[in-house]
Amino acid sequence: MKRLSNKQKEWFVECLIDGLVILGLLFIVSPWLKDSMIGWQIQRTAFVQQKILPTEYPVEEAIQTPQLSSIFNNRAKATQESYGQILIPSVGLEQPILVGITNENLLLGGVVMYPDRTLAKDNFVLFGHHLGIDELLFGKLLEVKKQDQILVSYLDEERVYEVEDMTIVDETTISVLETHDEALLTLITCPVPQSTKQRLVITARPLEEDQQKTSQAKLKETEDNHLVIKQQQQQITKKLWKMPLLFFVLCVLAVSLVRWLFYKKKEQH
């Protein structure tokens, strides 16, 4: 077997060091890269509003904290069927409502936990992820306050709700999911962007019927509300570009530094 020359050995060591440095940096910045990739997938997905539930729901999956590897493997569709929308102008939250408790759906918007429930008379439960970039998915729920108004459209229904309560519960607390023939909105997300057994639960009640139409029009048409959401979307775009660019710069600097130290040590010998 032919032995490697000294020059080939040096080249191999350099490549190995460069690879280890890049892998180390990737491990450090992986949470931010993960959120950036999720944001890109959301921005390039066109949501098509449906008025009728599908004949079959996707197979329910065990919900997992998004990992960078799973994001790479996720093949986001160019178009995605949605069945409504949730809008909270006070915090700039605007998300599609999807049907099917799957990890893929939870990377695109809020998921309705009981699709057959109605806004008119049931506890309508929506669940969404809270990631490192608060403007993505349900991260903005942490800024919601009591008496904030929420507009929810689902299939052919539309209701304005007013936030009544916010609490932190254990993930095993299933009482918040129950319905008792009373119109209610329950929003659920994690209180922190990391894996946790706690859940933030926001409870809201619908406004009186004589206030519904006026409030719906106000939430949809108020220029300030649309301005807030537009500003939040611009912030997302800036954050999405920032992390990959920072990662590239760090890689170049780190590899350059390690190479300089390597050659300096070599010269001393």
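Need the full-extension length gain, Glu158 to Lys213, defined as separation in residues times 0.36 nm minus the C-alpha distance. One decimal, nm.
18.9 nm
Below 29 Å Cα-Cα, how many Lys pairs turn up in segment 48-222? Only count pairs eight or more apart in sequence, or on different chains, if you could.
Lysine pairs satisfying the spacing and distance rule in segment 48-222 number 26.
For segment 48-222, compute Rh as the Kirkwood radius over C-alpha pairs and then the Stokes-Einstein diffusion coefficient at 4 °C and 1.567 mPa s; write the answer in µm²/s, rounded to an integer. Each step should come with its number before you reach the end.
Numbers: Rh = 16.5 Å.
For the chosen part, D equals 78 µm²/s.
Magnitude of the Cβ-charge dipole of segment 48-222, K/R +1 and D/E -1, about the Cα centre, nearest 20 debye? Provide the component values of the computation, followed by the final result.
Details: 15 positive and 27 negative charges, 96 e Å.
For this selection, approximately 460 debye.
Once you sort the root eigenvalues of the Cα gyration tensor of segment 96-186 as a ≥ b ≥ c, which label holds: rounded (a/c under 1.5), prolate (a/b larger than b/c) or oblate (the other case)?
On the way: a/c = 1.32, a/b = 1.17, b/c = 1.13.
Cα axes put segment 96-186 in the rounded bin.
Only the coordinates and a few stated rules stand behind these numbers; no lab work does. Since this is a predicted model, take the numbers as computed values, not measurements. Quick reminder, even Gly has a Cβ in these numbers, built from the backbone with ideal geometry, and neighbours come from all protein chains shown.
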